[in-house]
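The block underneath contains the structure these notes are about, expressed in structure tokens.
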Protein chains: 2
Amino acid sequence: MRRDTIYDRDLDRNPANHQPLTPLGYLDRAARVFPDQVAVIHGSLRRSYAELYARCRRLASALAAHGIGRGDTVAVLLANTPAMIECHYGVPMAGAVLNTLNTRLDAAALAFCLAHGEAKVLVVDREFSGIAREALAQAGRSLLVIDDDDPEYAGAGEALGTCDYEAFLAKGDPEHDWAMPDDEWDAISLNYTSGTTGDPKGVVYHHRGAALLSLGNVVTGALGQHPVYLWTLPMFHCNGWCFPWTLSIVAGTHVCLRQVRAGAMYALMAEHGVTHLCGAPIVMQLLINASDAERRPLPHRVAFFTAAAPPPEAVLAGMREAGFAVTHLYGLTESYGPAVVNAWHAEWDDLPADAQAAKKARQGVRYPVLEGLDVRDPETLESVPADGKTMGEVMMRGNVVMRGYLKNPASTEAAFRGGWFHTGDLGVKHADGYVQLKDRSKDIIISGGENISSIEVEDALFKHPAVAAAAVVAKPDDKWGETPCAFVELKEGASADADDLIRWCRGRLAAYKMPRTIVFGELPKTSTGKVQKYLLRERARAGSEQES
Amino acid sequence: MRRDTIYDRDLDRNPANHQPLTPLGYLDRAARVFPDQVAVIHGSLRRSYAELYARCRRLASALAAHGIGRGDTVAVLLANTPAMIECHYGVPMAGAVLNTLNTRLDAAALAFCLAHGEAKVLVVDREFSGIAREALAQAGRSLLVIDDDDPEYAGAGEALGTCDYEAFLAKGDPEHDWAMPDDEWDAISLNYTSGTTGDPKGVVYHHRGAALLSLGNVVTGALGQHPVYLWTLPMFHCNGWCFPWTLSIVAGTHVCLRQVRAGAMYALMAEHGVTHLCGAPIVMQLLINASDAERRPLPHRVAFFTAAAPPPEAVLAGMREAGFAVTHLYGLTESYGPAVVNAWHAEWDDLPADAQAAKKARQGVRYPVLEGLDVRDPETLESVPADGKTMGEVMMRGNVVMRGYLKNPASTEAAFRGGWFHTGDLGVKHADGYVQLKDRSKDIIISGGENISSIEVEDALFKHPAVAAAAVVAKPDDKWGETPCAFVELKEGASADADDLIRWCRGRLAAYKMPRTIVFGELPKTSTGKVQKYLLRERARAGSEQES
């Protein structure tokens, strides 16, 4: 029972002392304080913060005039373009919910998202008009389709609909008096998970979490005023880790980029003095392996935030040499993107390169705006000992965890069982409290009753000088239950055979962890550079069936 | 009427996705991530974040064992010492409310605060034991008195009570499992206003606001990781502008300082590589006017955050020359300290010195964590035009505005009339939206029906080379109603008489704004360097009565 105290009387919330947390106000502030600061660069286009804000208000106003309001879903199928940034503000300024669709999905998956999210509007870039047409046909929904014809896109594709993005904006009011959300718990965006297992799940973000993760990005990234940010991370991925909103806090410049190519990245970094960029390991590979013709000298050390997989030692060395400072982040769609950081200790700079890489490979510690991070027994929810060995499930709790899965109370309840968000990632807690992933629950290999971390086997393979990438999955085995099956991509011009790699792993891995099968070839990857292990698992299973 | 949408179903708050905002978790994180980082320096004392956190948990545990809990007030009468930092965490970790008392108050005022705030505990530094004894006698409350005998204090004073701070901590549990607040709206601290008019008012802060202003400080101050912060600003003043909590976000080092003296400041800055400090203009004067013996070379450009009065041109030039970068902030006790910043534009660096000073003198724009800042008509609440001329009252709204005044619903209601916090400061809005104070409501001089800004008259006087400080107040006048009366402090060794200053002001001020009376002598100041205008008003009134 709560005791009434002197502080519980006559000190209530009112509009003067309580306002909903939302990232939308950050843009209003940037446009008023730094109206002439360059907000968006795209090809030869330059837009100031005053212009960006006016366009976002036009968008909100035009959507409202079309009857779009609180809780309506506005889907977009866009590259990293100015329109994509504008939708991050204009859509929620209308009270609506932004659903950024993954441009690499097939028509059936897109149709599922449009139908499940009950989208009332679709904004589509001409590049994706073909797949969008198919998806719309399959979704069987009548919705407003708005075509964006980006001048920087010269490829194929037709306008789909009845409404052009620029014409739509022209109808809007640049001084539109948009409203703050009724409640900071209101939805701001909807992000579908990749759906490697079953139908995609619709992750719902709220204004409070988006506002806080954006502050967390500034603090964790030590952004300073007016950073210049290169858009290598797709904005359809966790709302670009909330960076579309983050940059307004510090009046930074968005440098748009439709396609992640080494030459274009170096050119934009050099031309605009880029200070920060984010990306999966595949982006680092591109930067390191760029040809001399593609490379340009960097204006200063550039901060690179990576996630999705621990950066290997060779990649870290290559990035350092190329002029980047790499920070390793970790998170999921359910945590607004990164909510965990490999917080670096200055004294680790004195360690040998391999020991530094080992430190850097750990996912790390919570963002200051994530209230809880732990490794726990997935059944009992007991915290595992911080011994660097005992495996458990990585769990989070706090204000940068999603509201839940849209129209999926069973999955939501399972994800939040016991008051913690269950990430599905397995890991350990080191003596210093840093968390390290050992595997996805479904990626663990159980051989002869022993658990094998596929990441550990991949690490051993990756250290071989000829190996460009490696992915290890379970292969069904009559005797052992499962055995590790390795898929290996070799570096261009390098050669190695299965025996070479087996020899290499000996002494690096316990006998039971040794890969029993090695398959060479290019690895299937998602648009964000994640290896699609479910495809490899299918291949391994098929191979096993052929054998038996 | 709110329409129910798909986002309003099955997506509720639970412990996994909703936690109370509080600055307390920042310390927990710093202690776990950077346990060996130096958190506190005081004389020869060094304490790590692990040690600081353990001591705060001991304090919380010992308070809880003494029966202190949610909504109980714990008052402290402390200098800027390690104990003061510990109380900022240990007290709210027990669920209690920290009331930092101004050490320059007299016994009657302290007694008022103890009684009004219903303090159950008083932690007192030996230096202030004399005044504390008197205050306790007058307050007529029985409370637990805890004596802190700081080894860095060698002056007079006796232990008052039955309990020593270190002994009290020794009884506590360093692993105490403290609880997060029930609700982020719960009170974290109580700060009495200076009470220049009537009894002090008890300003109540909540966990949400303290957490957000702390993030705002990191963003606004571009703190980076591991700043070294010198405690020149009293922590009894708006909880040291929330910096006791702010530093934990970035695992910074607190450099304690009992007394603000130029020699000690330079020595500590040089020895510990201080990066940031805060203070009223008086602190800048001390730094600029330091003797060669007191000065030490600074390790790098040091960031200085000032508030309370606009920094004059000569002070800015002196600070730049001495190696400081000055940022001008503005706020009140009611806004957790600074909530407004003179956000600097790089292009202003190219302006002449006087134009730069004019830009820097403006209070500026809202922190990213303050949702609203405006200049409005105090009666109609209409926004004044952004013309740099039309006066109105500066108003704020947002999450870093106090809950209200303790046990004072009438004052709370008046302060929040119309859904805005009325600061009592009068000012204008410039064309670029920057706010500039022209006066406190009560400092305006109304002469022959014309409003005169006392700040404008002070500015004119201050530019005279012989003037060290100037304060202008209204003097009752039979003919004009009021006339400006100037109190002037001359620089050491400089000389000027009333005629010199009148001549100086001619051409700089409109005739009706000219000071009619000039009084020379030292200005009475508060402990934070604010001129005590109410004393000057009394003197001006007395002078006027003698004349008539």
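The values are calculated or read from the model by the stated rules, or taken from the named source; none is laboratory data. These numbers were taken from a predicted model, which means no experiment stands behind them. Here Cβ is always computed from backbone atoms with ideal geometry, including for glycine, and neighbour counts include all displayed protein chains. These area figures cover heavy atoms from the full protein model, side chains too; ligands, DNA and RNA do not enter into them. Shrake-Rupley method; radii C 1.70, N 1.55, O 1.52, S 1.80 Å.
For A:Asp173, the distances from its label point to the matching points in the remaining copies are 6.0 nm, ordered from shortest, with each point set 7 Å beyond Cα toward Cβ. Of A:Lys360/A:Lys525; B:Lys201/B:Lys491; B:Lys429/B:Lys475; B:Lys359/B:Lys513, which ones are farther than 31 Å apart at the Cα? Over 31 Å apart, Cα to Cα: B:Lys201/B:Lys491.
Remark: mean inter-chain Cβ contacts per residue of B:395-406 equal 5, using a 10 Å Cβ-Cβ cutoff to other protein chain atoms. Counting only DSSP beta bridges whose two residues both lie in segment A:444-547, roughly 75 percent are antiparallel. Note that segment B:75-84 has calculated 3J(HN,Hα) couplings of 8, 9, 10, 9, 7, 7, 10, x, 4, 4 Hz, one per residue in order, obtained from phi through the Karplus relation 6.51 cos²θ - 1.76 cosθ + 1.60 (θ = phi - 60°); glycine and proline are x.
Per-residue Karplus couplings for segment B:157-174, computed as 6.51 cos²θ - 1.76 cosθ + 1.60 with θ equal to phi - 60°, are listed in order as x, 10, 5, 8, x, 10, 9, 9, 4, 5, 5, 4, 4, 4, 6, x, 9, x Hz, Gly and Pro entered as x. Proximity of backbone amide H atoms, modeled 1.01 Å from N, is registered between B:Tyr367 and B:Val340, B:Val341 at under 5 Å, excluding neighbours fewer than 5 places apart on the same chain. Placing a label point 7 Å from Cα along the Cα-to-Cβ axis, B:Thr380 is separated from the same position in the other copies by 7.0 nm, shortest listed first. Using a probe radius of 1.4 angstrom, the carbon and sulfur fraction of the accessible surface of segment B:444-547 is 46%.
Can you pull out the GluC sites (Glu not before Pro) in segment B:400-500 that DSSP calls coil and that have at most 13 other Cβ atoms within 10 Å? Those that pass, being in a loop and sparsely packed, are B:Glu492.
Taking Lys and Arg as +1 and Asp and Glu as -1, the other residues whose beta-carbon sits under 12 Å from that of A:Arg508 total +1.
In the assembled protein chains, B:Val369 presents an accessible area of approximately 10 Å² (probe radius 1.4 Å).
Label sites at A:Ile288 and A:Asp478, each approximated as a point 7 angstrom past Cα along Cα to Cβ, lie 4.2 nm apart. In the context of the full set of protein chains, residues of segment B:94-206 present 42 Å² of accessible surface per residue (probe radius 1.4 Å, heavy atoms only). Along segment A:320-327 the Karplus relation, 6.51 cos²θ - 1.76 cosθ + 1.60 evaluated at θ = phi - 60°, assigns HN-Hα couplings of 4, 4, 7, x, 10, 10, 9, 10 Hz to successive residues, with x for each Gly and Pro.
Backbone amide hydrogens, once placed in the peptide plane, bring A:Leu332 within less than 5 Å of A:Gly337, A:Ala339, excluding anything fewer than 5 places away on its chain.
For segment B:278-339, the list of GluC sites (Glu not before Pro) that fall in a loop by DSSP and count at most 16 other C-beta atoms within 10 angstrom reads B:Glu294.
Please give every one of the lysines within straight-line cross-link reach of A:Lys171, meaning a C-alpha to C-alpha distance under 30 Å, and leave out same-chain neighbours fewer than 8 residues apart. Answer for A:Lys171, where 30 Å is the Cα cut-off: A:Lys120, listed by chain and number.
Counting charges near B:Tyr49 (Lys, Arg +1; Asp, Glu -1) among other residues having Cβ under 13 Å from its Cβ returns a value of +1.
Of all beta-carbon atoms in chain B, the one sitting closest to the axis that brings chain B onto chain A gives B:Leu215, 2, with the distance in whole angstrom. Excluding ligands, DNA and RNA, the accessible surface per residue across segment B:444-547 is 52 Å² with a 1.4 Å probe. In the context of the full set of protein chains, residues of segment A:5-73 present 34 Å² of accessible surface per residue (probe radius 1.4 Å, heavy atoms only). Relative to the current alpha-carbon distance between B:Asp182 and B:Ala322, full extension at 0.36 nm per residue lengthens the span by 45.7 nm.
At an R0 of 41 angstrom, the distance between the Cβ atoms of A:Ala468 and A:Ala137 translates into a FRET efficiency of 0.55. Largest accessible area first, the residues B:Arg258, A:Arg32 order themselves as A:Arg32, B:Arg258 under a 1.4 Å probe with ligands, DNA and RNA left out.
Rolling a 1.4 Å probe over the protein heavy atoms of segment B:117-268, with every protein chain left in place, gives an accessible area that is 48 percent carbon and sulfur.
In this simple spin-label model, placing a label point 7 Å from the Cα along the Cα-to-Cβ direction at both A:Arg516 and B:Ala511 gives a separation of 10.6 nm.
Total buried accessible area between A and B, probe 1.4 Å, nearest 100: 6100 Å². When B:Ile146, B:Ile288 are compared by accessible surface with a 1.4 Å probe, the order from highest to lowest is B:Ile288, B:Ile146.
Against the criterion of solvent-accessible heavy-atom surface with a 1.4 angstrom probe, A:Ile85, A:Ile502, A:Ile446 sort, most first, into A:Ile446, A:Ile502, A:Ile85. Amide H to amide H distances under 5 Å link B:Thr100 with B:Val76, B:Leu190, where only residues 5 or more positions off or on other chains count and H is placed in the peptide plane. Using a 7 Å projection from Cα along Cα-to-Cβ, the label point at B:Asn289 is separated from the same position in the remaining copies by 6.8 nm, smallest value first. Grab the other residues whose beta carbon is less than 10 angstrom from that of B:Gly263, score K and R as +1, D and E as -1, and report the net. For residues surrounding B:Gly263, the net value is +2.
The B:Gln532 and B:Asp4 beta-carbon pair, evaluated with R₀ = 56 Å, returns a calculated FRET efficiency of approximately 0.45. Remark: the B:Ala494-B:Lys171 segment gains 110.5 nm on full extension, using 0.36 nm per residue and subtracting the alpha carbon distance.
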